[in-house]
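Step one of this worksheet: look at the structure below.
The values are calculated or read from the model by the stated rules, or taken from the named source; none is laboratory data. Being a predicted model, the structure only gives us computed values, none of them experimental. Every residue, glycine among them, receives a Cβ derived from its backbone with ideal geometry; neighbour counts consider all protein chains shown. Note: areas computed on protein heavy atoms with side chains; ligands, DNA, RNA excluded. Shrake-Rupley method; radii C 1.70, N 1.55, O 1.52, S 1.80 Å.
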Amino acid sequence: MKYKIAIVDDHTLFANALAGLVQKMETFEVMFEVGNGKELIQHFKLKMIPDVVLLDINMPEMDGYETALWLKNNYPEVKVLALSMFDKEEAIVGMLRNGAKGYLLKGCKPSELRTALDNVINKGFHYTEFVTDKLLKSLNPEKVKNPIKELGLNDRELEFVRHACTELTYNQIADLMCCSARTVDGYREQAFYKMKVKTRVGIVVEAIKLGIVTL
């Protein structure tokens, strides 16, 4: 018995190459190739129902997310294996949430594709170490680092940076901070070093980027 595969990808050359690869596998055969989800639905209306859909994400008219969700709601018995260029958590999580049983990158080896097809048929899913790692990161995102703390500016240096973003002269800043002009020079040099800039204008630009001051 050969399991039937549908390929949904708007890149014709890639889809043809993929079809040729699948055709060489003893237990699988390509039922049809289409360029987007709408074309896939038309085939389903003609009762051309595959066992597995190899589904791209970025397609015109009806993309992979919409197509996977449609299959989940209408033909849950059909296994969806996402095959995409996207390696971001959002893409992987989005496709799995919409019903995909596995996720492969288009740069994978033919042996990986064969293993994935076998797994979705026999186990009902195929999760690689790469996908599992992305899923864990999406469920446990790293704490957002405070960019100001990352610079290593202490309170006095931070105060100097805020004053430096005004029209005050360095001498006026020294008066406001109740310190000598030489001490202010030290704060300035530390700000240059830690913020990786060489001028007062550079301090202002970085301070705005980091939200230390606002316009």
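Normalised by 2.2 N^0.38 Å, where N is the number of residues, the alpha-carbon radius of gyration of the chain equals 1.65.
Semi-axes of the equivalent ellipsoid for segment 44-125, computed as √(5λ) from the eigenvalues of its C-alpha gyration tensor and ordered from largest down, come to 18, 16, 11 Å. Between ILE5, ILE41, CYS108, the Cα set farthest toward the positive side of the dipole of the chain (charges on each charged residue's Cβ, about the Cα centre) is that of CYS108.
Here's the picture: charge each Lys and Arg Cβ at +1 and each Asp and Glu Cβ at -1 in the chain, and of GLY99, TRP70, TYR187 the one pushed furthest to the positive end of that dipole is TYR187.
Leaving out ligands and nucleic acids, and using a 1.4 Å probe, what accessible area per residue does the chain come to in Å²? Dividing the accessible area of the chain by its residue count gives 58 Å².
In the chain, helices alone account for a calculated mean residue ellipticity at 222 nm of -15500 deg cm²/dmol, with every DSSP H run of four or more residues adding -39,500 (n - 2.57). Residues whose amide H lies under 5 Å from that of GLY102, counting only those 5 or more places away or on a different chain, are ALA82, HIS126; hydrogens are built 1.01 Å from N in the peptide plane. Remark: segment 196-201, residue by residue, has Karplus-estimated 3J(HN,Hα) of 6, 10, 10, 9, 5, 4 Hz, where x stands for each Gly or Pro and the curve is 6.51 cos²θ - 1.76 cosθ + 1.60 at θ = phi - 60°. Entry note, the chain: relative contact order of 13 percent, from Cα contacts under 8 Å with a spacing of 6+ residues.
Shown are TYR103, TYR75, whose ranking by accessible area with a 1.4 Å probe and every protein chain present, most to least, is TYR75, TYR103. For PHE28, nonlocal amide neighbours, meaning residues 5 or more places apart or on other chains whose placed amide H falls under 5 Å from its own, are TYR3. Using θ = phi - 60° in the Karplus curve 6.51 cos²θ - 1.76 cosθ + 1.60, the 3J(HN,Hα) couplings for segment 18-32 round to 5, 4, x, 5, 5, 4, 7, 7, 4, 9, 10, 9, 7, 7, 6 Hz; x is entered for Gly and Pro.
When the P(r) of segment 149-215 is calculated, the portion above 15 Å amounts to 43% of the C-alpha pairs. Contact order for segment 42-111, expressed relative to its length and based on alpha carbon pairs under 8 Å spaced 6+ residues apart, stands at 31 percent. For segment 204-210, the Karplus equation 6.51 cos²θ - 1.76 cosθ + 1.60, evaluated at θ = phi - 60°, returns couplings of 4, 4, 5, 4, 5, 4, 8 Hz by residue, with Gly and Pro reported as x. A straight Cα-to-Cα reach below 18 Å connects LYS72 with the aspartates and glutamates GLU39, ASP51, ASP56, ASP63, residues fewer than 8 places away in its own chain not being considered.
Highest GNM mean-square fluctuation among GLY35, GLY64, GLY20, for the chain modelled with Cα contacts below 10 Å: GLY20. Annotation: amide H-H contacts under 5 Å for MET59 (H modelled 1.01 Å from N, sequence separation of 5 or more, or interchain): GLY64.
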